[in-house]
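Note sheet for the following structure.
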Number of protein chains: 2
Amino acid sequence: MPMSVRKFSIPEILFGRGSMQYVGTCARRLGAEKVFFVSDPGLKKAGWVDKVFELLETEKLSWVYYSNVVANPRDHQVQEGAQLYLDEGCDVVVSLGGGSPMDAAKGIALVASNGGKVHQYEGANRIHRPLPPMVFIPSTAGSGSDVSQFAIINDVQRRVKMSIISRTLVPNISIIDPNILTTKTKSLIIAAAIDAIAHAAESYVSKIASPFTEVHSLKSIDIIIKVLPAALETRGIDALEQLSVASTSAGMAFSNASLGIDHALAHSLGGMLDVVHGLIHPVLLPHVLRFNLPACPDKVADIGEIVLGKRYSSDEKTALAGIEKLEEFSHQLNVSTRLRDIITDRASLPQVCRMAVNDSCLLTNPRPATWEEMLQICEDAW
Amino acid sequence: MPMSVRKFSIPEILFGRGSMQYVGTCARRLGAEKVFFVSDPGLKKAGWVDKVFELLETEKLSWVYYSNVVANPRDHQVQEGAQLYLDEGCDVVVSLGGGSPMDAAKGIALVASNGGKVHQYEGANRIHRPLPPMVFIPSTAGSGSDVSQFAIINDVQRRVKMSIISRTLVPNISIIDPNILTTKTKSLIIAAAIDAIAHAAESYVSKIASPFTEVHSLKSIDIIIKVLPAALETRGIDALEQLSVASTSAGMAFSNASLGIDHALAHSLGGMLDVVHGLIHPVLLPHVLRFNLPACPDKVADIGEIVLGKRYSSDEKTALAGIEKLEEFSHQLNVSTRLRDIITDRASLPQVCRMAVNDSCLLTNPRPATWEEMLQICEDAW
């Protein structure tokens, strides 16, 4: 089958230790006078938020700080932030955080410029007016929100995590400073790295993967498998920097190739049951890969080859051995690999799956899936 | 040594067979009313220029067509084009071509918006005002100008190819349509592919390479070595498409990691003696890699491993065997590998090298070089 037309779009990237120092000049270059700055209390405590205040002030920028953001960020937090952005007459959005503050910041930029409620932009390509310039500094090596065209916002009333996907959600500049990872807990590093593996694996088998995304997907998995154990043990900056490379690579890949069943279910579980996003993938991803195997045995085998460091004569054998190795990897990290360990409400699974079939991520999964098939995946993972 | 801060910036990319059809909508999206369209007589003859006219008209865009461009495009062609752009009140630049029309188009966009003479922007980061939006369609798989922050313009009086390097020279959108390659001659496909290999190899060993450029450099070499012979023999679209992927990957790499001695000399030879750019690399690159070897044996060995499909116990051995294999590859393509075959004026070499030491590309070469050392490289290649 000929490859049809593919898009590849990423922000301008500043990468490296100490690169955070450029946040003020970057915002200034994008026309900032008054910055709307989104982060969270944990990063305030660790001193990084104050550091950004300083850097903005050095550039003689004024700012408004917004930190009413939680994991799985809420629609009402976005609306409140957007109102504050408008009331204060801000002109550029800066965010420092993991996926939650960054996605909230995107939602705020969206509503402030396009009006209405964040809900009306759910799905792909629903944003028609330009957003204010955005400069993002990821504080974890996982979400990829700083390079992606995705924002995931929790619709509290419907208990759904909405996927909002648009090229206009790609920040203008992503400043990736691995120094920030030195203040992260072990469990947060693991959850983020596992999210990156899931981004890489799902984007690699996506129906709209391209040579430009595939190379990043495989590179990302390769790095994480090799470096994560050392990063956790030594907390050395070299290893942490590699995790940042891997997360960014996976972000470039999934932003442009999108995702699949694992993320469709993760969004649904996050929306209905408020499960922490990074914990879901070790549970679901292996089962999703097994489900997808018949649709793309060569590609699941490519992932297997990266994980195993070798390839068997049949794609299926390589793929299955690779999936097992991924499961082992999770065990070694001491993360739960059974769904029953992270949710208690088994009875809600049919509803979770009925929601998940409507998630935009399902559109690019290499094998179509009904909600019953997704339920079977959840049951297998129970 | 810790990796210091690195930038990575590329245009939005549309890739695939038939992607050219989006040129009008892309220009429109960037605010076009009247397009300044730069291409060349060869592409007019092949029918591609008329195709672009049609596509612009479908979007109800008016246009001015400028085709006074030659290989190693001249400063006066840029000035003339910029005047025409201003006289006609254009607002977006579209270019279809190999490196020459695309670099000329960048020069035109630069002078039309920043004023003065193109010469005053020679070097890195000398452009201070924004350029008009640019949509580029590469017609060869080699130059990478459609994704890069480089424009190379010939200063006729000084007989120097000026390297102009600025993030603002990255086009907004690159539309890469491998169908265009089907009308190219064998020798042009070779010259372009070899240019891409040189971009990939020089960017890989560059002092400012990053994990984001390195992955593209190696991927590019890998593809070209594997696919070029088949592409030349069958002219099949699958193989040509792979060459487009390789060229784009190499473009992303060198745009952000820059180049080295081979390109510094190639610019000087092109400026003084008007040598066709693509012919220079098979002659010089192996000698440049041997010269650079002591500075980065591991990296030259990585290139060797890609070319050879294996690695020996010592980096040096792998590197040298890889360089030899690259030379063999050139022989098989029947391209000249001796400098005497492409220039006659040996006496001008000292002057060529004295010019080349001032080329910006030299700044990122992994091993410093005097003009005498560069002359020795040329003599070795004679």
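The values are calculated or read from the model by the stated rules, or taken from the named source; none is laboratory data. Bear in mind that the values here come from a model prediction, so they are computed numbers and not experimental data. Reconstructed Cβ throughout: ideal geometry from the backbone, glycine too, with neighbour counts over all protein chains shown.
Here's a check for you: in the range B:332-352, which residue that is touching a Pro at 6+ places or on another chain (Cβ under 9 Å) and surrounded by fewer than 17 Cβ atoms within 10 Å (Cβ to Cβ) is nearest to B:Glu233 (Cα to Cα)?
B:Gln332
Pick out the one residue from A:Val160, A:Val227, A:Val147 that is outside the structural domain of A:Ala356 (by TED's automatic domain parsing) and more than 30 Å from B:Ile13 (Cα to Cα).
Every option except A:Val160 fails the conditions.
Would a scan of the range A:95-116 turn up a residue that is buried (at least 24 other Cβ atoms within 10 Å of the Cβ), within 18 Å of the chain's Cα centre (by Cα), of a type in the set (S, T, N, Q) and within 15 Å of A:Thr248 (Cβ to Cβ)?
no
Take the residues in the range A:21-42 that are within 23 Å of A:Ile237 (Cα to Cα) and more than 20 Å from the chain's Cα centre (by Cα), then tell me which one is farthest from the other protein chains (Cβ to nearest Cβ).
The extreme case among them is A:Val23.
Out of (1) out of contact with any Lys or Arg (no Cβ under 9 Å at 6 or more places or on another chain); (2) within 13 Å of A:Val35 (Cα to Cα); (3) surrounded by fewer than 17 Cβ atoms within 10 Å (Cβ to Cβ); (4) of a type in the set (Gly, Ala, Ser), what's the single condition that is false for A:Gly123?
Condition (2) is where A:Gly123 drops out.
Looking at the range A:12-116, what helices (runs of 4 or more DSSP H) fall wholly within it and have at least 2 residues that are polar (S, T, N, Q)?
Counting at least 2 such residues, we get A:75-88, A:99-114.
Take the residues in the range B:162-187 that are charged (D, E, K, R) and within 14 Å of another protein chain (Cβ to nearest Cβ), then tell me which one is farthest from B:Leu269 (Cα to Cα).
B:Asp177
Go through (1) of a type outside the set (Phe, Trp, Tyr); (2) surrounded by fewer than 24 Cβ atoms within 10 Å (Cβ to Cβ); (3) outside any helix (DSSP H, G or I) one by one and return the number of the condition B:Val215 breaks.
Condition not satisfied by B:Val215: (3).
Hey, B:Asp262 hits all of (1) surrounded by fewer than 21 Cβ atoms within 10 Å (Cβ to Cβ); (2) on the phi < 0 side of the Ramachandran plot but one; which does it fall short on?
B:Asp262 satisfies every listed condition except (1).
Exactly one of these conditions fails for A:Gly18: (1) touching a Lys or Arg at 6+ places or on another chain (Cβ under 7 Å); (2) within 12 Å of chain B (Cβ to nearest Cβ); (3) more than 30 Å from B:Val23 (Cα to Cα). Give me its number.
All conditions pass for A:Gly18, except number (1).
Which of the residues that make up the range A:126-142 are within 20 Å of A:Leu30 (Cα to Cα) and assigned to a loop (DSSP other than H, G, I, E, B)?
Listed by number, the residues that qualify are A:Arg129, A:Pro130, A:Leu131, A:Pro132, A:Pro133.
Is it fair to say A:Ile323 is touching a His at 6+ places or on another chain (Cβ under 6 Å) and modelled with pLDDT of 95 or more?
Judged against the criteria, A:Ile323 is not a match.
For B:Val49, work out the one condition from (1) β-branched (Val, Ile, Thr); (2) more than 25 Å from the chain's Cα centre (by Cα); (3) surrounded by 16 or more Cβ atoms within 10 Å (Cβ to Cβ) it doesn't fulfil.
Condition (2) is where B:Val49 drops out.
Out of the residues in the range B:353-372 that are closer than 11 Å to B:His267 by Cβ and in contact (Cβ under 8 Å) with a residue 40 or more places away in the chain, which is surrounded by the most Cβ atoms within 10 Å (Cβ to Cβ)?
Step by step, filter the range B:353-372, then rank; the result is B:Ala356.
If the requirement is being hydrophobic (A, V, I, L, M, F, W, C) and under 16 Å from B:Ile377 (Cα atoms), which of these qualifies: B:Ile342, B:Ile303?
Checking each option against the conditions leaves just B:Ile342.
Can you pull out the residues in the range A:305-328 that are crowded, with 19+ Cβ neighbours inside 10 Å and within 18 Å of A:Leu228 (Cβ to Cβ)?
The answer is A:Ile306, A:Val307, A:Gly322, A:Ile323, A:Leu326.
Taking A:Gly271 and the conditions (1) in contact (Cβ under 8 Å) with a residue 40 or more places away in the chain; (2) out of contact with any Lys or Arg (no Cβ under 6 Å at 6 or more places or on another chain), which numbered condition does it fall short on, given that it satisfies the others?
Condition not satisfied by A:Gly271: (2).
May I ask you to list the residues in the range A:188-212 that are surrounded by fewer than 20 Cβ atoms within 10 Å (Cβ to Cβ), aliphatic (A, V, I, L, M) and away from chain B (no Cβ under 12 Å)?
Listed by number, the list holds a single entry, A:Leu188.
Among the numbered conditions (1) under 19 Å from B:Ala192 (Cα atoms); (2) touching a residue at least 12 places away in the same chain (Cβ under 8 Å), tell me where B:Asn334 comes up short.
(2)
Please determine whether any residue of the range A:234-246 is within 13 Å of another protein chain (Cβ to nearest Cβ), touching a His at 6+ places or on another chain (Cβ under 9 Å) and either at pLDDT 95 or above or closer than 14 Å to A:Ile180 by Cβ (or both).
Looking through the range A:234-246, none of the residues is within 13 Å of another protein chain (Cβ to nearest Cβ), touching a His at 6+ places or on another chain (Cβ under 9 Å) and either at pLDDT 95 or above or closer than 14 Å to A:Ile180 by Cβ (or both).
Just to be sure before I move on: is B:His263 in contact with a Cys (Cβ under 8 Å, 6 or more places away or on another chain) and modelled with pLDDT of 95 or more in the structure I sent?
Yes: the conditions hold for B:His263.
Can you pull out the residues in the range A:1-15 that are of a type outside the set (A, V, I, L, M, F, W, C), facing chain B (nearest Cβ under 7 Å) and touching a residue at least 12 places away in the same chain (Cβ under 8 Å)?
Listed by number, the residues that qualify are A:Arg6, A:Lys7, A:Ser9, A:Glu12.
Would you check if A:Arg311 is of a type in the set (Lys, Arg), without any contact (Cβ under 8 Å) to a residue 24 or more places away in the chain and in the same structural domain as A:Ser206 (by TED's automatic domain parsing)?
Yes: the conditions hold for A:Arg311.
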